[in-house]
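In what follows, a structure is listed as structure tokens, so that the remarks can point back to it.
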Amino acid sequence: MKTFENVDVKSVKEAVGLLQKFAGEKKNAAVVGGGSEYLQLMKVRVATPDYIVNLKTIPGLNYIKEDAGGFRIGALTTLAELEEHKGVQEKLLFLSQAAGEAASPQIRNAGTVAGNLCQRPFCWYFRSASHVCLRKGGEICYSVAGDNRYHAIIGGGPSYIVHPSDLAPALVALDAKIKIAGPAGEKTIPLEKFFVTPQVNARRENILGPADIVTEIQVPAPKTGSKGFYYKARERQAWDHAIVSVATVVQSGSGAVRDARVVLGGVAPIPWRVPKAEEFLRGKAIDDAAAQKAAEIALDGARPMKDNVYKIDLAKNLVRQALVASV
Ligand SMILES: Cc1cc2nc3c(=O)[nH]c(=O)nc-3n(C[C@H](O)[C@H](O)[C@H](O)COP(=O)(O)OP(=O)(O)OC[C@H]3O[C@@H](n4cnc5c(N)ncnc54)[C@H](O)[C@@H]3O)c2cc1C
């Protein structure tokens, strides 16, 4: 492993300042929270930092606070803490479940919410030191001609990674916001706008600049009459990423859908929201036929590759199940 220097920072301001300085010096620097994902990248020499800026030493970034507006979740909150938080379990059970579906207990104890949203793809070509793929500055996405059983069926090209986070689809379905600190100060944006497609940038999964840090996630209080679900299909019962997942939030009243959000995971390079399916559901009573039709609409734009056609039916089934459960 290449030599690097670890810097324990004491404040967000210090972290941003250091990242700015390293970027100016053309040094390769990365922030880490729990380090559970970044260290994997270092081990396989995909990440070769000169500096690691350790955020875990910043006091006060690990919290879950609830008020009338909803929940504010500090960037350093672990997945296990989110999963086990009583208020989250009571009001947003499916968000707790999504956190509990991620990785293994050991990783959930170390891994942070911000780290989960900022994790890099788990594509085997991206994580192979011997493949300089498009996402690492190379010319091609090896999945196109290679083994693409876990790759994108929607929104791909020129890179076909899938976003690996279990939390991201659930949080996007909840209309969460993300707070980012950077050289120009702080900004809060819809989480949905945090992720970028490969058509915008084939080398990055999100909008973070080299000196930007995620500091908080904000989740609005659930609306009256709303129900949320997160369903994940994976190959193994032990830790495994989603091959397909779906998060839905449906708000109903007087027997009909008032509002709906449907977000797919494991099928696209970003958490994939499907406004056309949401629009279809508004004003309807959800029965099997309506849920099936919404599922068809949700997968309408799918363009599978040779090994991942199976994801379409899997995704349709999960959408249908989640919507039927919402009644
Ligand atoms: C074996 C294995 C299985 C896994 N399975 C799943 C799974 O099924 N589902 C799932 O959702 N996830 C899965 N994960 C990912 C796991 O959830 C993440 O490893 C964990 O949440 C990352 O948190 P961390 O704090 O350790 O991040 P780190 O490893 O510290 O960082 C991860 C990335 O996020 C960036 N980062 C971290 N914090 C910040 C911040 N505050 N601001 C800006 N950037 C930041 C880092 O620079 C790095 O690029 C798996 C990981 C492993 C290793």
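Rule-based calculations on the coordinates, nothing more; no lab input. As the structure is a computational prediction, the values presented were derived from the model and not from experiment. Here the Cβ positions follow ideal geometry from the backbone for every residue, glycine too, while neighbour counts run over all protein chains shown.
In table form, for the structure just shown:
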read-out: Packing-based order for 239-249, 94-104, 309-319, using average beta carbon neighbours within 10 Å, highest first; value: 239-249, 94-104, 309-319
read-out: Residue-span extension gain [ARG236 to GLN321] - 0.36 nm each, minus C-alpha spacing; value: 28.6 nm
read-out: J(HN,Hα) series, region 84-93, from Karplus relation 6.51 cos²θ - 1.76 cosθ + 1.60, nearest Hz, glycine and proline x; value: 8, 5, 5, x, 5, 4, 6, 9, 9, 3
read-out: Long-range HN-HN contacts of THR215 with modeled amide H, under 5 Å; value: LYS179, ILE180, ALA181
read-out: For the chain, share of DSSP beta bridges that run antiparallel, in % to the nearest 5; value: 85
read-out: Overall form of region 226-325 per C-alpha gyration tensor (a/c, 1.5; a/b vs b/c); value: prolate
read-out: Phi to ³J(HN,Hα) by Karplus 6.51 cos²θ - 1.76 cosθ + 1.60 over region 130-138, Hz, x for Gly, Pro; value: 8, 10, 8, 7, 3, 5, 9, x, x
read-out: Rg ratio (alpha-carbon, reference 2.2 N^0.38 Å) - region 117-257; value: 1.19
read-out: Rounded, prolate or oblate (a/c below 1.5 giving rounded, otherwise prolate when a/b exceeds b/c) for the chain by Cα gyration tensor; value: oblate
read-out: Simple spin-label estimate for SER130 and ASP307 in nanometres, 7 Å along Cα-Cβ; value: 1.5
read-out: Sites VAL44 and GLN106 - FRET efficiency at Förster radius 22 Å, r taken between beta-carbons, to 0.05; value: 0.70
read-out: Cβ crowding within 10 Å averaged over residues, with 10-17, 48-55 ranked highest first; value: 48-55, 10-17
read-out: Relative contact order for the chain, counting Cα pairs under 8 Å that sit 6 or more residues apart, in percent; value: 17
read-out: Gyration tensor (alpha-carbon) shape descriptor, region 83-172, a/c threshold 1.5; value: prolate
read-out: Region 297-309 - phi-based ³J(HN,Hα) in whole Hz, Karplus 6.51/-1.76/1.60, Gly and Pro as x; value: 5, 4, 9, 4, x, 5, 10, x, 9, 5, 9, 10, 4
